[in-house]
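Each value in this text was obtained by applying a stated rule to the coordinates, not by laboratory testing. What you see is a predicted model; the values in this text were computed from it and never measured. Here the Cβ is made from the backbone with ideal geometry for all residues, glycine too, and neighbour counts use every protein chain on show.
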Amino acid sequence: MGVRRFELEGDEYLVISVPNEAEPDPRLTPAERDIVRDVVRGLSNEAIGEARAVSKHTVAAHLRSIYKKLGVGSRRELAAAVAKGRALTS
């Protein structure tokens with residue numbers, strides 16, 4: 001996923017591009033890619049768990065694995081990695 005910011009006639013816009021589904025990040029499992037998408041959307045661990053029928057502790061375990069695989073340490077760093085294209089979430 002990529003994010004670009006631009007201004008037009010004084011208004012600021014964000015353009016979000018989603019990578020082709022044929023190019024998932026090979027480092028992440030399908031469940032981890034789903035969680036990355038949910039984190040980027042701003043969902044809490046509890047909300048992600050409810051949506052995916054797992055506990056918030058399971059979500060936290062997935063996040064630890066994601067952080068380690070992608071070399072990030074927080075949700076903010078994860079979102080930045082996604083925006084820079086370092087973590088494809090298709």
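Per-structure values
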read-out	value
Whole-Hz ³J(HN,Hα) from phi, Karplus 6.51 cos²θ - 1.76 cosθ + 1.60, for segment 34-51, glycine and proline x	4, 5, 4, 4, 5, 4, 4, 6, x, 6, 7, 4, 5, 5, 5, x, 4, 5
Förster radius 41 Å - calculated FRET efficiency between Arg52 and Glu12 (Cβ-Cβ, nearest 0.05)	0.80
Selection from Val72, Thr58, Ser44, by position along the positive dipole direction of segment 30-90 (Cβ)	Val72
Trypsin sites (Lys or Arg not before Pro) restricted to segment 23-59 and DSSP loop, no more than 11 other C-beta within 10 Å	Arg41
